[in-house]
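Here's the structure, in structure tokens; my notes come after.
The values are calculated or read from the model by the stated rules, or taken from the named source; none is laboratory data. Keep in mind that this is a model prediction, so the values were computed, not measured. Cβ atoms come from the backbone with ideal geometry, glycine included; neighbour counts cover every protein chain shown.
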Amino acid sequence: MRRLGLVGLMFGLFLLFLSAPQELAAQSRPILIPSNPDNGGSPTGGPLPVRLPQPKANGPEIFYCITPDTSCRTTQETFSLAELRDLFVFVAWPNVSGQHVQTVQFFQPDGNLYMAMKTSFSVGGGAAAAVRPAVVAPVAPAGGNVVAPLPPAPHLMLNANVVYKEGIPTLLMHSRGDTAVLTVLPVAGTYITQRNFSGNWQVRVLLDGKLVIESAFTLTPAPPPAKAEEETER
């Protein structure tokens, strides 16, 4: 009987050693939990798909230049009144076709509207209608007696789809594959430089009367005359 008991004990120990590796393997094996579609899981129970970063919508963009050439497209937004003659404001319109009216509004640092320019342009839909850009006269600050520059004469107003032999050939250009419409803000010799009107200017762009994009640029003040020059004049 003792021998039978000893044999049974040894046999039990042998089975215990055989089952131990299987239990360890079962514990180390990853447990697959069924995905719950309500919690964002895969409805098929498979691995969750990897979400790649989605590109932002390709919308309109404003960029500023000191030359009427779209190759200057950068993020520069600060300009010196002492060096700036005209500020060339480009609005890039990706995925836009047909005939539209673009309105660019310039607001002075004090919040008053300085100028609003409307330009018609047509992309891929045949010739544009004979609509010339309209200009709203700049508004002087409240209480001031400064005479703001008058809107240009009607015969000087431009159409974005017209090509000219002299000066800026057209206001309708292309930048990085996108349609771009140019608006020129005269600076040198205007109310802006006469009053050294520096600071942060706000720009609002409307397409067919609806606000589409806002931006801003900064005009730094012209430096005062050097003291050496003043002493020489004395």
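Being farther than 14 Å from VAL104 by Cβ and at pLDDT 95 or above: is that true of ASN196 here?
no
Being basic (Lys, Arg) and either modelled with pLDDT under 90 or loosely packed, with under 15 Cβ neighbours inside 10 Å (or both), is that true of even one residue in segment 129-137?
For segment 129-137, residues basic (Lys, Arg) and either modelled with pLDDT under 90 or loosely packed, with under 15 Cβ neighbours inside 10 Å (or both): present.
Considering only residues that are surrounded by fewer than 16 Cβ atoms within 10 Å (Cβ to Cβ) and within 20 Å of LEU211 (Cα to Cα), which ones fall in segment 65-100?
Selection gives PRO94, ASN95, SER97, GLY98.
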